[in-house]
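Have a look at the structure below before the remarks.
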Amino acid sequence: MANEFPGWHGTTIIGVRKDGKVVIAGDGQVSLGQTVIKGSARKVRRLKPGGHDIIAGFAGSTADAFTLLERLETKLESSPGQLQRACVELAKDWRTDKYLQKLEAMLIVSDGAGLYVVTGAGDVLEPEHDVTAIGSGGNYALAAGRAMMEGDLSAEDIARKAMAIAADICVYTNGNLTVESISA
């Protein structure tokens with residue numbers, strides 16, 4: 001399914017959980033083919049459905065990601081404080097609804113306790129090593145982030161350094177970051 005999505009080349013999002021804190025960071029580059037359209041987009045957001053703080057980052061089509069974020073907020077309003085349940089419900093809808101199946105985006109979300117990747121394939125994944133990343137530079141950021149987890153760096157420092165490494169390697173990623181953090 002991912003091979004059908006032409007919009008995957010355009011961003012890097014990383015989520016890092018360490019010492020009771022979760023940080024999600026995303027670059028600001030928006031690319032159309034081989035052209036950089038914008039360098040300062042915000043692909044990481046803070047949501048407050050039902051008064052509960054959630055942070056989310058997205059890769060893929062912006063309009064599709066916003067649709068998914070709105071749906072996630074609706075799920076959270078009906079299940080306040082239950083992020084995992086809301087993510088599973090969103091993934092089920094995404095997988096079975098003919099309209100949602102066409103959406104080309106992925107999400108990393110956290111409430112400070114859980115850290116999840118939600119995909120259109122029906123996946124709700126929680127990383128084994130407290131680091132996850134999506135987007136065209138995701139594998140570079142993931143590898144860099146995992147390598148730094150054993151040291152004394154904070155979650156935010158790891159996210160920032162991993163994103164800097166990804167930006168140096170991936171032409172679809174820049175160093176203009178949006179960073180949001182949340183505590184458990």
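Of everything in the range 127-161, what is part of a helix (DSSP H, G or I), touching a residue at least 40 places away in the same chain (Cβ under 8 Å) and within 14 Å of the chain's Cα centre (by Cα)? Give them in sequence order.
Going through the range 127-161, the residues part of a helix (DSSP H, G or I) turn out to be 138-148, 155-161.
Filter again for touching a residue at least 40 places away in the same chain (Cβ under 8 Å), leaving 138, 140-142, 145, 155-156, 158-160.
Hits for the range 127-161 are Gly138, Ala141, Leu142, Ala159.
Return a yes/no flag: does the range 98-108 have any residue that is in contact (Cβ under 8 Å) with a residue 40 or more places away in the chain and part of a loop (DSSP other than H, G, I, E, B).
First, pick out the residues of the range 98-108 that are in contact (Cβ under 8 Å) with a residue 40 or more places away in the chain: 103-108.
Pick out the ones that are also part of a loop (DSSP other than H, G, I, E, B) and you get 103-104.
Among the residues of the range 98-108, at least one is in contact (Cβ under 8 Å) with a residue 40 or more places away in the chain and part of a loop (DSSP other than H, G, I, E, B), which makes the answer yes.
Does the range 64-74 include one or more residues that are at pLDDT below 95, in contact with a Pro (Cβ under 7 Å, 6 or more places away or on another chain) and on the phi < 0 side of the Ramachandran plot?
We begin by selecting, within the range 64-74, every residue at pLDDT below 95; these are 64-74.
Filter once more, so that each one left must be in contact with a Pro (Cβ under 7 Å, 6 or more places away or on another chain): 73.
Next, from what is left, pick out any that are on the phi < 0 side of the Ramachandran plot: 73.
Within the range 64-74 (the criterion being at pLDDT below 95, in contact with a Pro (Cβ under 7 Å, 6 or more places away or on another chain) and on the phi < 0 side of the Ramachandran plot), the answer is yes, since at least one residue qualifies.
Which of the following residues is assigned to a helix (DSSP H, G or I), touching a His at 6+ places or on another chain (Cβ under 9 Å), of a type outside the set (S, T, N, Q) and crowded, with 21+ Cβ neighbours inside 10 Å: Leu68, Leu76, Leu90, Leu72? Don't jump to the end; show me each part of the working.
Numbers: Leu68 fails: touching a His at 6+ places or on another chain (Cβ under 9 Å); Leu90 fails: touching a His at 6+ places or on another chain (Cβ under 9 Å); Leu72 fails: touching a His at 6+ places or on another chain (Cβ under 9 Å).
Result: Leu76 is the single residue among Leu68, Leu76, Leu90, Leu72 that is assigned to a helix (DSSP H, G or I), touching a His at 6+ places or on another chain (Cβ under 9 Å), of a type outside the set (S, T, N, Q) and crowded, with 21+ Cβ neighbours inside 10 Å.
For the range 23-34, state whether one or more residues are crowded, with 18+ Cβ neighbours inside 10 Å, in a strand (DSSP E or B), at pLDDT below 95 and touching a Ser or Thr at 6+ places or on another chain (Cβ under 6 Å). Working first, answer last.
Within the range 23-34, the subset crowded, with 18+ Cβ neighbours inside 10 Å is 23-31.
Retained after the next criterion (residues that are in a strand (DSSP E or B)): 23-26, 30-31.
Narrowing the set further to residues that are at pLDDT below 95 leaves 30-31.
Restricting the remaining residues to those that are touching a Ser or Thr at 6+ places or on another chain (Cβ under 6 Å) gives none.
Checked the range 23-34: no residue is crowded, with 18+ Cβ neighbours inside 10 Å, in a strand (DSSP E or B), at pLDDT below 95 and touching a Ser or Thr at 6+ places or on another chain (Cβ under 6 Å).
The values are calculated or read from the model by the stated rules, or taken from the named source; none is laboratory data. Keep in mind the model is a prediction, meaning the values are calculated, not measured. Ideal geometry is used to build each Cβ from the backbone, glycine not excepted, and the neighbour counts take in all protein chains shown.
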